[in-house]
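A short worksheet on the structure shown next.
The values are calculated or read from the model by the stated rules, or taken from the named source; none is laboratory data. Just so you know, these numbers come straight off a predicted model, no measurement behind them. Neighbour counts run over all protein chains shown; Cβ positions are idealised from the backbone, glycine included. For accessibility, only protein heavy atoms count, side chains too; no ligands or nucleic acids. Shrake-Rupley method; radii C 1.70, N 1.55, O 1.52, S 1.80 Å.
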Amino acid sequence: QVQLAESGGGSAQSGGSLRLSCQASGYTYTSYCLAWFRQYPGQEREGVAAVDPNGTTKYADSVKGRFTISQDNAKMSSSLEINDLKPEDSATYFCAADATAYAVYGGLCSLDVPDYRYWGQGTQVTVSS
């Protein structure tokens, strides 16, 4: 089965940067969408960035200009770079994956939770003011 594991979370100061990584294993499909979501305490999970096998990306409006997603299909991994950290970035970040046949809508990988079947356990990001 597909397994995902996030790493790179932790505490940082406002204005700094963090790089989150997601390592996948057990892929059974040849083409995947990879995405990152975040969840604030007591709130619903929301999509922030997604990338397809060709490197085409999609970002939530709230993170454009500060977040960068990348993928390496050969290594079965993805990264999320968060620049100019803000306290509002404090959340649990989850990576997600699914076959492009399942998760691609409108020519782009989806940022909607229901479109992904495979999830990591999450990594905590805490940003101080």
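Identify all aspartates and glutamates with a Cα-Cα distance to Lys75 below 19 Å; exclude those on the same chain that are fewer than 8 residues away in sequence.
Partners within reach: Glu6, Asp52, Asp98.
Please report the relative contact order for the range 1-51, taking Cα pairs under 8 Å with a sequence separation of at least 6, and give it as a percent rounded to a whole number. Mind dumping the intermediate values first?
Numbers: 59 pairs, mean separation 15.5, N = 51.
Averaging sequence separation for qualifying contacts and normalising by length gives 30 percent for the range 1-51.
Determine the gain in length on full extension of the stretch Ser25-Lys64; use 0.36 nm per residue of separation and subtract their C-alpha separation, reporting nm with one decimal. Show your work: numbers first, answer last.
Numbers: separation 39, 0.36 × 39 = 14.04 nm, distance 2.86 nm.
In short, 11.2 nm is gained.
Measuring from centroid to centroid over Cα atoms, what is the spacing of the range 58-129 and the range 38-57 in Å?
3 Å
For the chain, what's the radius of gyration and Dmax over Cα atoms, in angstrom?
According to the Cα coordinates of the chain, Rg and Dmax are 13.6, 43 Å.
Find how much the distance from Tyr40 to Tyr105 grows on full extension, using 0.36 nm per residue of separation minus their present alpha carbon separation; answer in nm with one decimal.
On the way: separation 65, 0.36 × 65 = 23.40 nm, distance 2.57 nm.
Full-extension gain reported as 20.8 nm.
Identify all lysines with a Cα-Cα distance to Lys86 below 28 Å; exclude those on the same chain that are fewer than 8 residues away in sequence.
Straight-distance partners of Lys86: Lys58, Lys64.
How large is the dipole of the chain about the Cα centre if only Lys and Arg carry +1 and Asp and Glu carry -1, each at its Cβ, rounded to the nearest 20 debye? Please report the intermediate quantities before stating the final value.
Numbers: 9 positive and 13 negative charges, 35 e Å.
In debye, rounded to 20, the chain gives about 180.
Calculate, for the chain, the solvent-accessible area per residue in square angstrom, rolling a 1.4 angstrom probe over the heavy atoms of the protein chains.
On the way: 6450 Å² over 129 residues.
Spelled out: the 1.4 Å probe surface of the chain, per residue, equals 50 Å².
Give, in nm to one decimal, the length gained when the segment between Lys86 and Ser14 is fully stretched (0.36 nm per residue of separation minus the Cα-Cα distance). Please report the intermediate quantities before stating the final value.
Numbers: separation 72, 0.36 × 72 = 25.92 nm, distance 0.50 nm.
In short, 25.4 nm is gained.
Pairs of Cα atoms under 8 Å, at least six residues apart: use those to get the relative contact order of the chain, whole percent.
Working: 335 pairs, mean separation 46.4, N = 129.
This gives 36 percent for the chain.
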